[in-house]
């Protein structure tokens, strides 16, 4: 009786007779592989590169935690929508990067002004009125001429005035005290109308 290796007497392959040793190079192409037959155990480490990834196949579930670093960002890709609240602190802002266009109107208050920051050039002409000056500051009052050579005062007193007894006063007359207004000269004070 004749013996056959891998074939039945009628020339048909015996089950499991074709192993890797009997396959020629590149004999197994896509048409020979069943659908869904290739799994991670069949891949060579590092063999799946960007050319073999389909578009949008790498989503958040495929990326390891803490794996994305600045080298992976496209320049300009981090916009306002991708910044978390309060993520930009002083350490993230370049020196001299903040200009007037970045301030919210009215956001610079006295707490944010450094000492002696408001110089004469920063004050608008005509912006300082008597109401802006602390009452403890002694003012020369209104005047005329160079070096305030002539001191002036109004001709009508339209508010109630009370001397505290610790000061004296002088007014250029004539002077009129408006209805329902008064000047009280407390003992110890004097008021002279010249």
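Within the set 71, 101, 41, the sole residue that is in a helix (DSSP H, G or I) and under 30 Å from residue 18 (Cα atoms) turns out to be 41.
Selection over the range 135-151 of residues that are assigned to a loop (DSSP other than H, G, I, E, B) and surrounded by 11 or more Cβ atoms within 10 Å (Cβ to Cβ) gives a count of 1. Number of residues in the range 44-61 that are at pLDDT 90 or above and not in a loop (DSSP other than H, G, I, E, B): the value is 1. Residue 75 falls short on exactly one of the conditions (1) at pLDDT 90 or above; (2) surrounded by fewer than 10 Cβ atoms within 10 Å (Cβ to Cβ), and that condition is (1).
Rundown of residues vs (1) more than 14 Å from residue 141 (Cβ to Cβ); (2) at pLDDT below 95; (3) in a loop (DSSP other than H, G, I, E, B), yes/no style:
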{"site": "153", "(1), (2), (3)": "no, yes, yes"}
{"site": "170", "(1), (2), (3)": "no, yes, no"}
{"site": "174", "(1), (2), (3)": "yes, no, yes"}
{"site": "180", "(1), (2), (3)": "yes, no, yes"}
{"site": "192", "(1), (2), (3)": "yes, no, no"}
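The values are calculated or read from the model by the stated rules, or taken from the named source; none is laboratory data. Predicted model only: the values in this text are computed from it and were never measured. A quick note on method: Cβ atoms are made from the backbone with ideal geometry, for glycine too, and the neighbour counts reach across all protein chains shown.
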